[in-house]
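Nothing in this text is a laboratory measurement; each read-out follows from the coordinates by a stated rule. Keep in mind it's a predicted model, so treat the numbers as computed, not measured. Every residue, glycine as well, gets a Cβ built from its backbone with ideal geometry; the counts of neighbours run over all protein chains shown.
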Number of protein chains: 2
Amino acid sequence: MKRREFITGLGAASVLAGAGVAGPAQARPEFKWKMVTTWPKNFPGLGTGANHLAELIGAMSDGRLQVRVFGAGELVPAFEVFDAVSRGTAQMGHGASYYWKGKSEAAQFFSAVPFGLTAQEMNGWLYYGGGMELWEELYARFNLVPTAAGNTGVQMAGWFNKEIRSVADLKGLKMRIPGLGGEVLARAGGTPVNLPGGELYTALQSGTIDATEFVGPYNDLAFGLHKAAKYCYYPGWHEPGTTLEAMINRNALEALPEDLQVIVRNACKVANLDMLSELTARNHAALHELVTRHKVQVLPLPEDVLKRLRALSEEVVAEIAEKDAFSRKVYESFRGFRDQVQEWHAVSELAYLTARSLA
Amino acid sequence: MKRREFITGLGAASVLAGAGVAGPAQARPEFKWKMVTTWPKNFPGLGTGANHLAELIGAMSDGRLQVRVFGAGELVPAFEVFDAVSRGTAQMGHGASYYWKGKSEAAQFFSAVPFGLTAQEMNGWLYYGGGMELWEELYARFNLVPTAAGNTGVQMAGWFNKEIRSVADLKGLKMRIPGLGGEVLARAGGTPVNLPGGELYTALQSGTIDATEFVGPYNDLAFGLHKAAKYCYYPGWHEPGTTLEAMINRNALEALPEDLQVIVRNACKVANLDMLSELTARNHAALHELVTRHKVQVLPLPEDVLKRLRALSEEVVAEIAEKDAFSRKVYESFRGFRDQVQEWHAVSELAYLTARSLA
C-alpha cells in the first residue's frame, strides 16, 4: 500500500447530513488506487466495464476508496498489467487470464478455452464449483487476488473472406486467432496469426489474412469489420463465454478495512453481471443492424467443421494438463464441471432455446 | 423508517483499529430492517438466497444495516409480503413478481412468462433494455422499489405419471401448474390445478393429479418428487428463467444514507448472480443423481406438443397487453426485446450449445 492517504471525511459527513441523520463530522480513511487495464481506454464493453467497476467501488464505499482507471499503455503496456499489479505499481488490474499463460498454462481455464463453458456455466464453476479457489491458488503465487469482473458471452466465429463449406476449407486458411483457438486451427491445417485489434481491418482488406475472430456484433460493428469481410460466421467455438478479470494486489487488498474488502469483491461480481447483461442487449441490436442495414451474410460453420474443431480442441485442452500438476488439477475440475453441466443444459438452456425457435 | 436505531459504532471503530488505521471511535447510525419472504424458511436456493442477500448487506455496510429474514408465515403469510412491505410493516420483501398479478397483470413480465426470456436475457432486458424502469414505474404506485435478486434459470417441465406422446395427451391432463402456464394448459385441453408445494407429493402419489411442475432437479430431488412420478419432462417452457425479486419500502430506502442505498441495490445484483450460479452448479449434480442413482426417466416434450404450447402461450401472453395501457407498454418492451435477442442467441448461445453437443 504505497499510495494510501488519509483525509478528513467531509464528503461522508455531508452525505449523512443530506439524509437527515445527525452525526459528528468524522475522520475517515481514504484510499486511492490505480487500475491498469489491457484495453484501449473506454473500449466498448470491456474498457467501459473497467470504468464501471471503478465507479461502483467509489459509490459503494462512499468515496473512501477511489479507483482511477488507466487504458492500455497509459501507465503500463497491456501485457505488463499482471506484473505491474503483482509488484504493486498499481493496486488493481483489469484484463483476461488467458493473457498470462506465460505464468501458467492453467491460467487459460479462468477466461475461456475452446468448447469450454458458457458465461452462466463459468459463473457456476467459479463461484460454486471450485473454480475460484483454484484461481486464487494460482494467483497467490504472484501476490495477487483474482476476481471475475465481466463476461462477453458467446463470441462470433469471426469475419471471413473465404467461404467455409467443409473441413477442407480450413486448410491454408490464414486467420488471426490467438491462443488455444489458434493451436486448434493449426492442427486443422490452417495458419493462425496474431495481430493487434487495430490492424485487423487493413489486414483483412489487403488480403494479408483471410479471416479474423474478434468479439461479437457490438464490438465488431464499432470496428467496421463488416466492411472488410464478406462473411460473418458463428458460433464462437473458441470463446464460448470469456470471463474478464479484475486482479488485486494482495497487500493493497489486505490493507483495507474488512468492509471495503467485501465491497471490492462484490463490486467485481456486479461488474461481472453488468457486462454480460449490457453485451446481451447491445449485441442483439448490433446484429440486427449488421443484417438489416449492412446486409451482412451471417452463416453457420458446417457441422463437420464444428465436429473436427471440437475433436481437435479436446486434444489441445487436454494437453494443458500435461504441463504440470497444478494444470492437471485445474483441467480435471473444469472438465468434470463441463461434462456434467452439459448434461443439465442439454435438458434446460439448450432444450428451451431449441423449443422457442421451432417454427 | 420506524425501526431505526442509533448506537455507538464500536463495531466500526474496532474494524478500523483491526486494519491498523488510526481513527476516533465514531457515532454511526445503525439501521435494522426486516425482510419478509414468500419462501419457507431456508428453502434451498430461494429461501437461502434471501438469507445470503441479508448477509451481503450486513457485510458490505460494516454492520450499519442489519436485515433479519422471516420465512413465509413467520411475520406475514407468503402472499401478504407485497402489502406488508408496501405499508412498511417490513422494510424489505423477497418473492417473485408474478405472485402480484392481482395488483397488475403486467407484474408477471418481471418474473417469468411462458416462452419468454432466459436468465441471461432477463438480465439484459431489465438492466439494459428498459425493463427495470418499467418495473420501477409499476411498483412506485405501491410505494415500493423493485430489484432483481435471484434467478432459477430454465426450470423443468415437471413430473408426470402420464406419458406425453402428442398434443392429444394434454387433453384431460390434471396438472398442478399455476399462473399463465396453467392458462396455456387449459387452452390445450388440460385441467390446471393450484396446490401448495407441500401437498404435491401426496397429490401425485394418490392420483389426485397426473402431473406437477416445480422448479428444477436440485429443489425437486429435495422434495422427493421422483418417488411419486414415473417421468420427468423437459424443458420448462412455462418458466425459462424466473427472476426472483427483492422489493424495498421506498421510505425505508430513502431514509438510508446514499452509500447504503447503493449497497442495498448492488447487494441485490450480487444475490441475483449468485443464485443462478449456485443453481447451475447444484442442478447439474442433482440431475446426475436423479438419473444415475434413482433411475429417473428424463424425457423431452415432443416437438408438436412444444409447438402447440408455444402458439397458445403467444396468445395468452399477448392478452395481458389488452388489460390496460401500462400492461401494453410492458408487453411491447418485453416482446421487442425477446424477438431480437432470440435472433442473437440463435447464432450465439443456441448455436454454441448445439455445436458442443454434436456427437
- For B:274, A:83, B:62, what ranking results if the residue with the fewest other Cβ atoms within 10 Å of its Cβ goes first? A:83, B:62, B:274
- Report, in whole Å, the centroid distance computed from the Cα atoms of region B:165-183 and region B:286-353. 16 Å
- Item | Calculated FRET value between residue A:206 and residue B:140, using beta carbons and R₀ = 45 Å, to 0.05 | 0.20
- Task: Round to the nearest 0.05 the FRET efficiency obtained for residue B:292 and residue B:358 when R0 = 30 Å and r is the Cβ-Cβ distance.
- Result: 0.80
- Each label sits 7 Å from Cα toward the beta-carbon; between residue B:66 and residue B:303 the label points are separated, in nm, by 6.0 nm
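Counting DSSP beta bridges in region A:105-245, what percent are antiparallel, to the nearest 5?
Approximately 60 percent, going by the DSSP bridge assignments.
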- Cβ-derived FRET efficiency at R0 35 Å, residue B:171 paired with residue B:222, nearest 0.05: 0.65
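Please identify the trypsin sites (Lys or Arg not before Pro) of region B:232-305 that satisfy two criteria: DSSP loop assignment and at most 15 other Cβ atoms within 10 Å. Which are they?
B:293, B:295
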- Task: Please find, in a Gaussian network model of chain B (springs between Cα atoms separated by less than 10 Å), the residue of B:208, B:152, B:48 whose mean-square fluctuation is greatest.
- Result: B:208
- How much of the DSSP beta bridge set in the protein assembly as shown is antiparallel, as a percent to the nearest 5? 55 percent
- Task: Please figure out what share of the DSSP beta bridges in region A:155-236 is antiparallel and state it in percent, rounded to the nearest 5.
- Result: 50 percent
- Query: Cα centroids of region B:137-158 and region A:215-254: how far apart, whole angstrom?
  - Reply: 30 Å
- Message: If you take every residue apart from residue B:228 with its C-beta less than 13 Å away from the C-beta of residue B:228, what net charge results, scoring Lys and Arg +1 and Asp and Glu -1?
- Response: 0
- Once label points are set 7 Å from the Cα along Cα→Cβ at both residue A:339 and residue B:32, what is their separation, rounded to one decimal in nm? 5.3 nm
